[in-house]
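A quick write-up on the structure given underneath.
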Amino acid sequence: MGELLVHQFRCRADNFGLLLYDPVAKLCASIDTPDGETIWHELDTKGRQLTHIFNTHHHYDHVPGNEMLKERTGCTIVGSKNDAKRIPGIDELMEDGDIYEFGANKITMLETPGHTLGSVCYFVEPDKILFTGDTLFSMGCGRLFEGSAELMWQSMQKIRALPDDTQIYCGHEYTLSNAEFALEVEPDNLALQQRAEEVRSLRRARKDTLPVSLATEKATNPFLRSDSREIQKKFGLEGQAEIKTFSATRALKDQF
């Protein structure tokens with residue numbers, strides 16, 4: 001790992017607040033702003049000055065603190081060009097593959113539509129950190145509020161292509177319920193059984209279940225595992241296009 005520090009804390013009912021800090025360049029970014037006052041408190045506690053906000057999408061529980069924090073700190077708000085009209089106070093517009101220089105670090109925007117049409121993830125190098133917002137959760141993925149299953153499946157493939165040791169931070173603590181669903185569709189997956197038990201233990205201790213490695217997600221997340229024969233068999237889709245299994249999995253999760 002490099003010099004970057006990630007501070008994760010709870011906001012609202014089940015959102016994660018996330019502060020990315022470069023102690024060399026003295027840069028501090030909030031990934032989304034679920035609750036401005038909570039983020040302000042965490043900044044004060046850590047003794048850090050907010051310099052940036054990186055928004056993953058426009059939903060009400062991800063941008064409400066934008067303008068308040070910008071007014072207090074003069075920070076730069078970064079977001080997707082596709083979502084510019086829906087992100088309050090946006091300054092810097094990025095597109096898929098664009099790189100933002102954050103001190104000596106590079107933050108690449110990945111357009112990952114599905115949850116919303118403007119949803120993005122941020123991949124940070126050299127530390128290999130991925131902020132996924134509501135696109136990918138541990139053992140889950142976001143509901144398809146605007147995009148199609150096809151769009152979300154393409155987004156899943158973009159995430160799958162990243163290095164296995166990428167550390168994933170997402171927007172909500174949904175892991176326990178996601179684990180129960182994952183076991184419903186792939187009960188014989190040993191890695192999933194082990195991860196589910198780990199998650200139950202963490203939640204009993206009131207500890208967070210994130211971050212998690214991409215390798216673990218590729219072994220346990222049904223939305224990254226549409227090539228699994230067990231999952232395909234559950235839906236009677238053996239040998240068919242993986243998008244059909246993904247779509248069936250997402251539809252079942254909507255009813256779970």
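The values are calculated or read from the model by the stated rules, or taken from the named source; none is laboratory data. These figures come from a predicted structure and were not determined experimentally. Because the Cβ atoms are built from the backbone with ideal geometry, glycine has one as well, and the counts that use them run over all protein chains shown.
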Within segment 156-195, restricting attention to residues that are under 19 Å from the mean Cα position of the chain (by Cα), charged (D, E, K, R) and crowded, with 18+ Cβ neighbours inside 10 Å, which residue is nearest to Ser213 (Cα to Cα)? Arg195
Yes or no: Asp83 free of Cβ contacts under 8 Å to residues at least 40 places away in the same chain and in a loop (DSSP other than H, G, I, E, B)? no
Going through segment 112-134 one residue at a time, which ones are without any contact (Cβ under 8 Å) to a residue 40 or more places away in the chain and on the phi < 0 side of the Ramachandran plot? Leu117, Glu125
Search result, residues across segment 170-189 that are part of a loop (DSSP other than H, G, I, E, B), closer than 14 Å to Cys141 by Cβ and either out of contact with any strand residue (DSSP E or B) (no Cβ under 9 Å at 6 or more places or on another chain) or modelled with pLDDT under 95 (or both): none
Filter result for Thr33 (surrounded by fewer than 20 Cβ atoms within 10 Å (Cβ to Cβ), under 21 Å from Glu111 (Cβ atoms) and of a type outside the set (A, V, I, L, M, F, W, C)): no
Return the only residue of Ile39, Ile31 being within 18 Å of Gly118 (Cβ to Cβ) and at pLDDT 95 or above. Ile31
Restrict the check to segment 190-209 and report whether at least one residue is in a loop (DSSP other than H, G, I, E, B), touching a residue at least 12 places away in the same chain (Cβ under 8 Å), farther than 27 Å from Ser148 by Cβ and among the polar types (S, T, N, Q). yes
